[in-house]
1. Look through the range 146-156, keep the residues that are touching a Lys or Arg at 6+ places or on another chain (Cβ under 9 Å) and surrounded by 16 or more Cβ atoms within 10 Å (Cβ to Cβ), and return whichever of them is nearest to L123 (Cα to Cα).
2. Checking the condition acidic (D, E), in contact with a helix residue (DSSP H, G or I) (Cβ under 6 Å, 6 or more places away or on another chain) and open to solvent by 20 Å² or more (accessible area, probe 1.4 Å), which residue from D139, D160, D97 passes?
3. Inside the range 126-156, can you point out the residues that are assigned to a strand (DSSP E or B) and in contact with a Gly (Cβ under 8 Å, 6 or more places away or on another chain)?
4. Which ones in the range 1-56 are among the β-branched types (V, I, T) and either within 25 Å of L153 (Cα to Cα) or in contact with an Asp or Glu (Cβ under 9 Å, 6 or more places away or on another chain) (or both)?
5. Criterion first (assigned to a loop (DSSP other than H, G, I, E, B), within 18 Å of the chain's Cα centre (by Cα), of a type in the set (G, A, S) and surrounded by 13 or more Cβ atoms within 10 Å (Cβ to Cβ)) does A107 satisfy it?
6. Please indicate, with yes or no, whether at least one residue in the range 16-30 is surrounded by 19 or more Cβ atoms within 10 Å (Cβ to Cβ), without any contact (Cβ under 8 Å) to a residue 60 or more places away in the chain and under 14 Å from F163 (Cα atoms).
Amino acid sequence: MPTTTKQFDAEALYQTLLGQVRDGLHGVQDAAIIGIHSGGAWLAERLAADLGLKDRLGFIDVSFYRDDFAKKGLHPDVKPTHILFNVDRAHIVLVDDVLYTGRTTRAAINVLFDYGRPARIMLAALADRGGRELPVAADFVATSVALEANQSLALARAGDGQFSLTIEEDHA
């Protein structure tokens, strides 16, 4: 069973990320925000509200696009992909909670291209834990964290919408 070893000030990290995204989208036409379920979707909801982009908010579930789908199988909590705006020529901020190997990002980009051809895709992550297996880098990242192989970062959202980010250690 995982145990929590360290907690970050996720609200302060969110404010850092919000500032970076706001600056990065300054003057950009046709901006949109798409969150990767689940943690990235929570962050994207809040970013869209804070940036006035609620009508340009979408969500992606990458379950069927992962390159390890055959090995891992289907996650029991599959969420629908929900993109109700035109992706063609849009400047999209793709949001994930934790950037790790880059495989989730690759899968999300594949989903996006099923909906159209964006002008640009920018990646935003609350935390980058390193360990990249693909050439993927975030345009916006609130913090970088070095973790051991038996550790992971977990984003949670309380009932009041407040975020918490913890390092969990798996003793299994």
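1. To start, the set of residues in the range 146-156 that are touching a Lys or Arg at 6+ places or on another chain (Cβ under 9 Å) comprises 146-147, 151-153.
Next, only the ones that are surrounded by 16 or more Cβ atoms within 10 Å (Cβ to Cβ) stay: 147, 151-153.
Details: L147: 21, Q151: 23, S152: 20, L153: 18 Å.
Here the residue is L153.
2. After ruling out the rest, the residue left standing is D97.
3. Passing the criteria: L126, F140, S144, L155.
4. Step one: list which residues in the range 1-56 are among the β-branched types (V, I, T), which gives 3-5, 16, 21, 28, 33-34, 36.
Residues satisfying the conditions are T3, T4, T5, T16, V21, I33, I34, I36.
5. no
6. There is no residue in the range 16-30 that is surrounded by 19 or more Cβ atoms within 10 Å (Cβ to Cβ), without any contact (Cβ under 8 Å) to a residue 60 or more places away in the chain and under 14 Å from F163 (Cα atoms).
The values are calculated or read from the model by the stated rules, or taken from the named source; none is laboratory data. Computed from a prediction, not measured in an experiment: that's the story for all the values here. Cβ atoms come from the backbone with ideal geometry, glycine included; neighbour counts cover every protein chain shown. Heads up: the accessible areas ignore ligands, DNA and RNA and are worked out on the full protein's heavy atoms, side chains in. Shrake-Rupley method; radii C 1.70, N 1.55, O 1.52, S 1.80 Å.
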